[in-house]
Amino acid sequence: MAARTGQDELTDEAAPPAAPRSRGGIAAAVSVFGELMITAGVVLGLFVAYSLWWTNVVADHEAGKQAETVRDRWAGGPGELDTKDGVGFLHVPAMNNGEVLVKKGTATGTLNDGVAGYYTDPVKSALPSDEKGNFALAAHRDGHGAKFHNIDKLKNGDAIVFETKDTWYVYKVFKSLPETSKYNVDVLAAVPEEAGVDGPGRYITLTTCTPVFTSTYRYVVWGELERTEKVDRDRTPPAELTE
């Protein structure tokens with residue numbers, strides 16, 4: 001057998017440490033990947049907090065300012081029913097959402113202020129004061145005030161009250177549609193046949209996104225006007241809002 005040379009001994013001694021260096025590289029890669037995942041989780045958490053909490057805070061603050069503007073205008077005497085400031089306030093006890101200012105239009109920029117809007121496109125909504133028609137509204141379900149978050153709590157017979165400067169409009173829920181295409185404009189029709197009606201009336205329609213945290217479909221609730229009450233000097237609310 002040939003004698004081992006010094007070079008052979010150096011080679012043999014250097015070989016074993018190669019494996020630990022390989023394992024160390026894998027461990028470092030895993031560590032970096034883990035840190036990236038943690039960072040991604042933190043960023044995602046912050047985004048969720050922003051979307052579902054902070055946008056609500058900002059929207060509620062803005063909605064409060066806009067509502068105060070409308071209340072001040074009403075205190076100043078008669079005014080136009082439909083102005084850029086808002087047409088009135090929606091009260092839905094079953095949704096536990098307080099009073100919701102209703103403005104013209106359903107553009108994202110409008111609804112992001114924590115208000116509801118009545119449709120002008122693709123279907124033109126009626127107003128509560130109209131003799132016939134469908135007062136069709138939209139609002140966010142999550143984030144930006146989430147005024148229709150609890151729309152699924154509404155049941156047949158529940159009250160939906162709309163307040164204008166001079167009149168309380170008291171509607172009663174008679175039909176819900178938990179899921180439909182966001183392109184289904186028939187639910188906004190003056191005679192919403194999908195609600196099971198076949199003739200003109202004085203209807204109200206509430207629409208919002210569904211499922212929760214998505215905008216894949218639309219949730220729809222219909223009500224029909226039961227009665228109106230004139231607003232008195234003290235703005236005494238209907239019994240449905242004091243029960």
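For Leu241, the conditions (1) crowded, with 16+ Cβ neighbours inside 10 Å; (2) of a type in the set (A, V, I, L, M); (3) within 20 Å of the chain's Cα centre (by Cα) all hold with the exception of (3).
Do any residues in the stretch 117-128 that are over 17 Å from Leu90 (Cβ atoms) have Cβ atoms under 7 Å from those of residues that are of a type in the set (Val, Ile, Thr), where the two are at least six apart or on different chains, and which pairs are they? Once the first residue is over 17 Å from Leu90 (Cβ atoms) and sits in the stretch 117-128, its partners that are of a type in the set (Val, Ile, Thr) give Pro122/Val185; Val123/Val185.
Could you tell me whether any residue of the stretch 120-134 is closer than 18 Å to Gly64 by Cβ, open to solvent by less than 10 Å² (accessible area, probe 1.4 Å), modelled with pLDDT of 95 or more and not aliphatic (A, V, I, L, M)? No; the residues of the stretch 120-134 include none that is closer than 18 Å to Gly64 by Cβ, open to solvent by less than 10 Å² (accessible area, probe 1.4 Å), modelled with pLDDT of 95 or more and not aliphatic (A, V, I, L, M). When restricted to residues that are touching a helix residue (DSSP H, G or I) at 6+ places or on another chain (Cβ under 9 Å), under 17 Å from Asp158 (Cβ atoms) and crowded, with 20+ Cβ neighbours inside 10 Å, the stretch 171-208 contains 7. Restricting the stretch 136-163 to residues that are farther than 13 Å from Cys209 by Cβ and among the charged types (D, E, K, R) leaves a set whose member that is surrounded by the fewest Cβ atoms within 10 Å (Cβ to Cβ) is Lys155.
Within the stretch 209-238, the residues that satisfy the criterion of being hydrophobic (A, V, I, L, M, F, W, C), open to solvent by less than 60 Å² (accessible area, probe 1.4 Å) and farther than 13 Å from Phe162 by Cα are Cys209, Val212, Val220, Val221, Trp222.
The values are calculated or read from the model by the stated rules, or taken from the named source; none is laboratory data. All values reported here derive from a predicted model rather than from experimental measurement. Every residue, glycine as well, gets a Cβ built from its backbone with ideal geometry; the counts of neighbours run over all protein chains shown. For the accessible areas, the whole protein counts, side chains as well, though only heavy atoms, and no ligand, DNA or RNA atoms are used. Shrake-Rupley method; radii C 1.70, N 1.55, O 1.52, S 1.80 Å.
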